[in-house]
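*Asks:* Structure provided below as structure tokens; questions to follow.
Nothing in this text is a laboratory measurement; each read-out follows from the coordinates by a stated rule. Keep in mind that what you see is a predicted model, and the values were worked out from it rather than measured. Cβ atoms come from the backbone with ideal geometry, glycine included; neighbour counts cover every protein chain shown.
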Amino acid sequence: MAKATSTSRPNFTLSLLGRFVLTGRDGAVSLPNKKLAGLLAFLACMAPHPQSREKLSTLLWGSHLDAQAKQNLRQALFKLRQILGQDALQSDGEFVSLNATLIACDVSQFEGLVREGSRDALSAAADLYRGRMADDISVGEESWSEWVTGERERLSELALGALVTLGELELSEGRAEQALRVGQRANALNDMREDSHRLIMRALSATGRTAEALKYYRDIVALLKRELSTEPDLATKSLAAELRSNHAQDVVPAAAEVAPEVSPPLALIMHGEKPSLVVLPFRNMGGDPEQNYFADGVTADIITALSRFRELVVIAHGSSFALRDKGMTSQQIAQQLGVQYVLSGHIRKAGSRIRVSAELTHTGSEAQVWSDRYDRPLTDIFDLQDDVSSSVAAVVDPAVRSAEIQRARRKPPTNLSAYDLYLRALHHLWGGTREDIAKAMDLLRQSLRLDPARTPTLAALAWGLVMAPPLGAHTPADGAAEALGLARRAVEQDGTDAFAHAVYGFTLFGPAGDNDQGRIHASEAVRLNPSSAFAWGVLGMIDSMAGEYENAVACLHRSLVLSPYDSMLHLWMTGLTASCFALGRHEDGIAWARKSVRHNPGNGTGHRMLAANLVAAGRLEEAREITRRRDAAQKTTIRDLRAMRFFKQNDVLERYLSAQQVAGVAD
């Protein structure tokens, strides 16, 4: 029997990615049956979180009588301890967990590498993923089948995402051949993923094989029609149009003057109800030809950043730049491209600073929807380009959404589509009051009755169900389970939707209590769309509640910078004041709490956090006055606050509850 030692080296390594392989210090270790292997695999994937004995017995012996299932579990745990050592399994009676310091599992290593996200880490993660998890473990129980199928799909999606991101990094650093090989590896895992197909197309074009990339696109069209009876999505069609446009420019003699024309596949794209937008090349107003490359770079980066917002249809870089200097008005460009919004701007260098001005126009009414300017010091040109493009993209998305919401609210109630109902719901979803959240959920349910499979609507309703209890709104008895199911469906339907991943992450973290998986999905949302203030905000809230306070402050500040006029500001500010309370920065916490409740006077948690920081700062009368006013609007007890468990760390939670008692909150 194995014994734990004082060394930090694990006693065993468990490989689950591909075939099940357990290795000790003396070589391979065999287990007597598949259910024992399944039990170890499950505990390793869940480690270090304890699992109830009831859950474990149902997972592997659910078809047995209850008493027999429990007996089988006791025997299996006894056998595992014999093989792995007494210290390998930890139990407090009802719950069992695996000691991850003694047994290293490749699944957790793989997830950690994906979270790290660097080129080397993603390359190592790709090498670690050798196939479907525990591909040789078969257990004839429904609960096991559900769990292992979900885990296999989740890890496969993580591997695919890691490969595509790795390929994009290779491509951005000029290693097109390596990017092509990575894209082909991703395609071998799942040939229905269009982001891997797009990676291959871009890599082929970057190696000078644009004609081959276009032929590859035609093969994708045939594949999707044959296997799924569908067409490539807009991003793939737009890339094909861009490649076709570039290829045409390469083969047409330079002297030939060709009229601006959009490639037929792009012109024929049906935008549906999503708002569509073109970003015109920003103009260099400084008179310095050397700044042209900077203006073009900012434009291209804004297009890339906006393309990550799944609720926008963004015209590709090639089609936008092909219309430069053709003497066409914004209206003519919009008509030719079939878009509803035009984003234009100019850049001017003055001494050691750069000023970027941008404006968003609705092409139908010619009304200016939004405008702003950005003054930045001219230091590192690439950092400056990233900063400006992400800032503009982050504000343009909510500006378009706000304009679309107003349009939907003006439509007659008798003529509302699923998309109109969704837009009307968003107005209430971000309102932050009990009445708003109830109205939002009603509209979202109406929308789903008309279109049951729309990813953003599923995710929005899940968010509403999660936000309703803290606001005191009525939810079904199974509201938490419904939210989790809706958010999971949203991610399963579109694994590249950052909003869906952020909502799923928060739902996993909060109602489901799965902290690690929640953070993985929130981090994936930020990776998918670094310009999403919502994704950064959710990641910051998760870190604030989980005890990663410094990281929470950084993420929440990033969210506020990206979208300084966002309707969600009160929530992100609440996360900041909570983190400040935990870190002992009480004056900062008071300042953020006051901003939070000014932004949304109905924000109950914001008031409670304000009172807690005031108590910690010794300002007791102010704290008690805040409690008196808040209790008049909505009575809350210490028991209620403990059940909400805003802080997952016990010491901080107790400090918070003690402050609330001092502030006058009743037991």
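*Asks:* If you take the square roots of the eigenvalues of the alpha-carbon gyration tensor of region 1-136 and sort them as a ≥ b ≥ c, do you get rounded (a/c under 1.5), prolate (a/b over b/c) or oblate?
*Replies:* prolate
*Asks:* Still on this structure, please answer the following. Using a 7 Å offset from the Cα along the Cα-to-Cβ direction at both Ser52 and Arg445, what is the distance between the two label points in nm, to one decimal?
*Replies:* It works out to 2.7 nm between the two label points.
*Asks:* Using the Karplus equation 6.51 cos²θ - 1.76 cosθ + 1.60 (θ = phi - 60°), what ³J(HN,Hα) coupling, rounded to whole Hz, does each residue of region 191-206 give in order, writing x for Gly and Pro?
*Replies:* So the J values, rounded to whole Hz, are 7, 9, 7, 6, 5, 6, 5, 5, 4, 4, 4, 5, 5, 4, 5, 5.
*Asks:* Only counting other Cβ atoms within 10 Å, I'd like Ser357, Ser531 sorted with the fewest neighbours first.
*Replies:* Ser357, Ser531
*Asks:* In percent, what relative contact order does the chain have, based on Cα pairs under 8 Å that are 6 or more apart in sequence?
*Replies:* So the answer I get is 6 percent.
*Asks:* How much of the calculated P(r) for region 169-245 lies past 22 Å, in percent of all Cα pairs?
*Replies:* In whole percent, the long-distance tail amounts to 16.
*Asks:* Where Lys and Arg each count +1 and Asp and Glu each count -1, what net charge lies around Pro452 among other residues with Cβ under 12 Å from its Cβ?
*Replies:* After counting each charged neighbour, the total is +3.
*Asks:* Using the 10 angstrom Cβ neighbour count as an exposure proxy, how do His586, His49 rank, fewest first?
*Replies:* Exposure proxy ranking, most exposed first: His49, His586.
*Asks:* How big is the dipole moment of the chain about its Cα centre under a simple scheme where the beta carbon of each Lys and Arg is +1, that of each Asp and Glu is -1, and everything else is neutral? Debye, nearest 20, please.
*Replies:* 1000 debye
*Asks:* Express the relative contact order of region 530-662 as a whole percentage, based on alpha carbon pairs under 8 Å and six or more residues apart in sequence.
*Replies:* 20 percent
*Asks:* Place a +1 charge on the Cβ of each Lys and Arg in region 530-662 and a -1 charge on the Cβ of each Asp and Glu, then give the dipole magnitude about the Cα centre in debye, rounded to the nearest 20.
*Replies:* Dipole size: approximately 420 debye.
*Asks:* If you don't mind, another one. Can you list the residues, at least 5 places off or on another chain, whose amide H is less than 5 Å from the amide H of Gln51, using H built in the peptide plane?
*Replies:* Val96, Ser97
*Asks:* With unit charges on the beta carbons (Lys and Arg positive, Asp and Glu negative) and the dipole taken about the Cα centre of region 135-212, which residue among Asn190, Thr149, Ala206 sits farthest to the positive side?
*Replies:* Positive-end residue among those listed: Ala206.
*Asks:* Counting only C-alpha contacts under 8 Å and six or more residues apart, can you give the relative contact order of region 1-153 as a whole percent?
*Replies:* Numbers: 209 pairs, mean separation 56.6, N = 153.
Relative contact order comes out at 37 percent.
*Asks:* If r is the Cβ-Cβ distance from Asp26 to Phe95 and R0 is 35 Å, what FRET efficiency results, to the nearest 0.05?
*Replies:* For Asp26 and Phe95, the calculated efficiency is 0.70.
*Asks:* Report the extension gain between Glu587 and Arg353 in nm, rounded to one decimal, defined as 0.36 nm multiplied by the number of residues separating them, less their alpha carbon distance.
*Replies:* Result: 80.8 nm gained on full extension.
*Asks:* Per residue of the chain, what 222 nm ellipticity follows from adding -39500 (n - 2.57) for every DSSP H run with n ≥ 4, rounded to the nearest 500?
*Replies:* Here the helix-only value at 222 nm equals -20000 deg cm²/dmol.
*Asks:* First measure r as the distance between the Cβ atoms of Val561 and Asp516, then evaluate 1/(1 + (r/R0)^6) with R0 = 30 Å and state the FRET efficiency to the nearest 0.05. Intermediate results must be reported in sequence, preceding the final value.
*Replies:* Values: r = 27 Å, r/R0 = 0.91.
Given R0 = 30 Å and the Cβ-Cβ separation, E is 0.65.
*Asks:* Also, I was wondering about something else. Can you pull the one-decimal nm distance between simple spin-label points at Ala617 and Arg598, each 7 Å off the Cα toward Cβ?
*Replies:* 1.3 nm
*Asks:* Which value, to two decimals, describes the C-alpha radius of gyration of the chain once divided by 2.2 N^0.38 Å?
*Replies:* Cα-based Rg divided by the globular estimate yields 1.05.
*Asks:* While we're looking at this one, here's another question. Indicate, rounded to the nearest 5 percent, the antiparallel portion of the DSSP beta bridges found entirely in the chain. Spell out each step's value before the answer.
*Replies:* Numbers: 32 of 42 bridges.
Within the chain, antiparallel bridges account for around 75 percent of the total.
*Asks:* Where does the charge balance sit around Asn515 when Lys and Arg score +1, Asp and Glu -1, over other residues with C-beta under 14 Å from its C-beta?
*Replies:* Values: positive: Arg115, Arg519, Arg645, Lys648; negative: Glu111, Asp514, Asp516, Asp543, Glu548.
That works out to -1.
*Asks:* Another one. Taking only the C-alpha atoms, wrap a convex hull around region 44-104 and report its volume per residue in Å³ as a whole number.
*Replies:* About 77 Å³ per residue, rounded to a whole number.
*Asks:* Which FRET efficiency, nearest 0.05, do Thr329 and Ala211 yield, Cβ-Cβ r, R0 56 Å?
*Replies:* 0.95
*Asks:* A further question follows. Along the Cα→Cβ direction, 7 angstrom out, place labels at Arg130 and Glu173. What is the inter-label distance in nm?
*Replies:* Roughly 2.6 nm, to one decimal.
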